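The values are calculated or read from the model by the stated rules, or taken from the named source; none is laboratory data. As the structure is a computational prediction, the values presented were derived from the model and not from experiment. When we count neighbours, we look across all protein chains shown, and the Cβ atoms used for this are built from the backbone with ideal geometry, even at glycine.
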Amino acid sequence: SSEALQAYLDTAVALAREVGPAFKDGFWRTGQFASNSDYAAEGKLGNEADCVTAVDRYIEQTIFARLRTIYPKHRFVGEETTAEDGNGYEVTDDPTWIVDPVDGTNNFVHHFPFTGISIGVAINREPVVGVVYLPVLDELYTAARGLGAHLNGKPLPVVRPPALTTPTSLSQCSLVTEHGSDRSAAVIKSRLDSFTRLLLDKEHGGACLQNLRVTGSATSDLTLVAKGVAEMYWECGPHAWDFAAGVVILLEAGGAVFDGAGWWGVDIPECDKSPQPFNLWNRKILAIRHVPDLPGKPGSGRELQRRLAGELLGHVQDIPYSPDGGH
Ligand code: IPD
C-alpha cells in the first residue's frame, strides 16, 4: 500500500540523515595515506581500485542495526556485508533493504564530491523505495513507487520543458558512464572500445555523442539522469546496491531503464506485459531520462527513449558479469 511505502521512505530518509554527519566528517579526513587507521582506505581482495573505509562499515552497520529492530522480518543486502562475508546472498520476494553505505568510495577517498549513501527497498524483486543522499553536494533524492520523486523536497526532473529538450539523435545527448574497478585487460579493452565507438564521428561508424562523462559513482549518475542534466547512464558491472534506489528515483521522474533484455518505465505499457522485465540483479543498466513528447505527438517521448537507448546499445559492448544473488 502507499502508506507502507511512505513509511519505508520516511525510515530511509531518517537513516540517511542520521548517518550524514559521519559521512561528511569522514569525507575530509579519509585518505589513501591517512596515518590514523580509522581513516585509511583499504583495497578489497588486494584491488586498490575497489576500496573500503571505516566509514563504509560504520554507516552500513548503523543502518542495518536500526532496520533490524524496526523490521525484523525483512531481508538486508549491503555492499560491505555481502563483500565481507563472501557468501553472497539469496534474492527472494520478501521486502529487502538494499544499501550502499558509500557509493563512489574511490571518490570519497580522493575528496571528489560525487559520492553518497544509497538506500533502496525491493518487494517481489522490484525496487519500490529509493533514497540517495549526496551529503557533500547537499542533495537528498527521495522516491517511492506511485508517490513521485523529489530532490530536497522539490519534484523531479528539476530541469523541465522547454529547457528539458526532446533529443532526437545521440549527437544531442550527454552520457554518464563508468570505467569501474575491474582492471583486467579484457574488461578495460572492452570499455575503451565502447568509449571510442560512442565518441567517434558518424563517418567512421561512431555515435558521435555530444558528451561523455565519468563521475565515479553509479548512484550519482542515476541522480544526474533523473534530474535531467544527463540523457543516459550506461554500465555493465554495477551491483543492485549501486542502483536499486537510483532506479526508483529515475522511474518516478519519468525515466526508463533497460538491462539488455527487459525494460522498465513507469508508464511504458509494454513493460508491464513484458515477459522479461528489467532485472535489478543483472549487473547491467541503461538508464534514460524523461523525454517530453514532441508537440502534438502524444507518446513520442517514450518512443524516443526506446529509439535512443537502442541506438546507444548498438555502439557498446556487453561485458558478461554473473548476476547478483543466487548463492
Ligand atoms: C562503484 C561505483 C563505480 C561503478 C562501480 C560501482 P562503490 O561503487 O559506483 O562508479 O563503476 O560499478 O561498484 O564500490 O564505490 O560503492
For the stretch 122-140, indicate whether the set of residues that are among the acidic types (Asp, Glu), within 14 Å of the ligand (Cβ to nearest atom) and within 18 Å of the chain's Cα centre (by Cα) is non-empty.
no
Only unsatisfied item for Asp259, checking (1) more than 24 Å from His150 (Cβ to Cβ); (2) away from the ligand (no atom under 15 Å from the Cβ); (3) modelled with pLDDT under 85, is (2)
Check the stretch 184-197 and report whether any residue there is away from the ligand (no atom under 16 Å from the Cβ), in contact (Cβ under 8 Å) with a residue 40 or more places away in the chain and surrounded by 15 or more Cβ atoms within 10 Å (Cβ to Cβ).
yes
Val77: passes all of (1) farther than 19 Å from Val129 by Cα; (2) in contact (Cβ under 8 Å) with a residue 60 or more places away in the chain but (1)
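Could you name every one of the helices (runs of 4 or more DSSP H) located completely within the stretch 164-252 that has at least 3 residues being within 14 Å of the chain's Cα centre (by Cα)? Reasoning before the result, please.
Details: elements: 185-199, 218-227, 240-252.
In the stretch 164-252, the matching helices (runs of 4 or more DSSP H) lie at 218-227, 240-252.
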Could you please tell me which pairs satisfy a Cβ distance under 7 Å, a separation of 6+ or placement on different chains, a first residue in the stretch 300-327 that is at positive phi, and a second residue that is aromatic (Phe, Trp, Tyr)?
Gly325/Tyr89; Gly325/Trp281
Glu18: passes all of (1) more than 19 Å from Ala245 (Cβ to Cβ); (2) away from the ligand (no atom under 16 Å from the Cβ); (3) modelled with pLDDT of 85 or more but (1)
Filter the stretch 166-180 for residues that are farther than 18 Å from Val257 by Cα and within 16 Å of the ligand (Cβ to nearest atom); which is modelled with the lowest pLDDT?
Gly180
Counting only residues that are aromatic (Phe, Trp, Tyr) and under 25 Å from Thr168 (Cα atoms), how many does the stretch 214-263 have?
4
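Please enumerate the residues belonging to the stretch 91-115 that are within 10 Å of the ligand (Cβ to nearest atom) and surrounded by 19 or more Cβ atoms within 10 Å (Cβ to Cβ). Even if it seems obvious, please write down each step before you answer.
Going through the stretch 91-115, the residues within 10 Å of the ligand (Cβ to nearest atom) turn out to be 100-109, 114-115.
Asp100, Pro101, Val102, Asp103, Gly104, Thr105, Asn107, Phe108, Val109, Phe114, Thr115, listed by residue number.
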Residues (over 13 Å from Thr219 (Cβ atoms) and part of a strand (DSSP E or B)) located in the stretch 87-126
Thr96, Trp97, Val121, Ala122, Ile123, Glu126
In the stretch 56-86, which residues are in a helix (DSSP H, G or I), more than 16 Å from the ligand (Cβ to nearest atom) and of a type in the set (D, E, K, R)?
Arg66, Arg68, Asp85
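Could you tell me which of the residues Ala54, Ala16, Ala41, Ala4 is surrounded by 18 or more Cβ atoms within 10 Å (Cβ to Cβ), out of contact with any Leu (no Cβ under 6 Å at 6 or more places or on another chain) and closer than 29 Å to Arg125 by Cα?
Numbers: Ala54 fails: closer than 29 Å to Arg125 by Cα; Ala41 fails: closer than 29 Å to Arg125 by Cα; Ala4 fails: surrounded by 18 or more Cβ atoms within 10 Å (Cβ to Cβ).
After applying the criteria, what remains is Ala16.
Among residues belonging to the stretch 198-231 that are farther than 20 Å from Glu139 by Cβ and among the hydrophobic types (A, V, I, L, M, F, W, C), point out the one that is farthest from the ligand (Cβ to nearest atom).
Across the stretch 198-231, the extreme among qualifying residues is Cys208.
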